[in-house]
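Asker: Dumping the structure here so I can ask a few things about it.
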Amino acid sequence: MPQRVRRITGSFSWLDHRLLHQGFLERMQSNDMLLYFFLVLVGDKNGVSYYGYDRMCSLLKLSLDELLIARDRLIDLSLIAFDNGRYQVLSLPGPTVE
């Protein structure tokens, strides 16, 4: 559908193909994926976002416990950092494939 080709307008978020090809998705639970994709979507150019727990739980339809477990798993996978209410999506660890 040429009239519907995606174009970059305004802000833009992206996912690194290495999430799939280097096995990150295989190691993630459903809630981990949901939170990661949300953080990629809402992050600024440095991958930083400031959404609060209440808003995130509401949008993602997760309990606070589910959100915190997913957050901690993403930290353990070295996919995000968290400090004092700020999330940052990090570059993927490991070698890049050119």
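The values are calculated or read from the model by the stated rules, or taken from the named source; none is laboratory data. What you see is a predicted model; the values in this text were computed from it and never measured. Heads up, the Cβs are rebuilt from the backbone with ideal geometry, glycines too, and the neighbour counts pull from every protein chain shown. Areas reflect the complete protein model, heavy atoms only, side chains present, ligands, DNA and RNA absent. Shrake-Rupley method; radii C 1.70, N 1.55, O 1.52, S 1.80 Å.
Asker: Report, to two decimal places, the Cα Rg of the chain normalised by 2.2 N^0.38 Å (N = number of residues).
Answerer: Relative to the 2.2 N^0.38 Å estimate, the chain comes out at 1.14.
Asker: Continuing with this model, one more query. Suppose all protein chains stay in the model; what accessible area per residue would a 1.4 Å probe give for the chain, in Å²?
Answerer: Heavy-atom SASA per residue in the chain reads 72 Å².
Asker: Heavy atoms only, probe 1.4 Å: what % of the accessible area of the chain goes to carbon and sulfur, would you let me know?
Answerer: Solvent-exposed carbon and sulfur of the chain make up 53 percent of the total.
Asker: Here is a follow-up. For the chain, return all DSSP H helices satisfying: extent of Cα atoms along own axis at least 27 Å; mean Kyte-Doolittle hydropathy at least 1.6.
Answerer: What comes out of the filter, once short or polar helices are dropped, is none.
Asker: According to a simple spin-label model (label point 7 Å from Cα along Cα-to-Cβ), what is the distance in nm between Leu90 and His21?
Answerer: Calculated label separation equals 2.2 nm.
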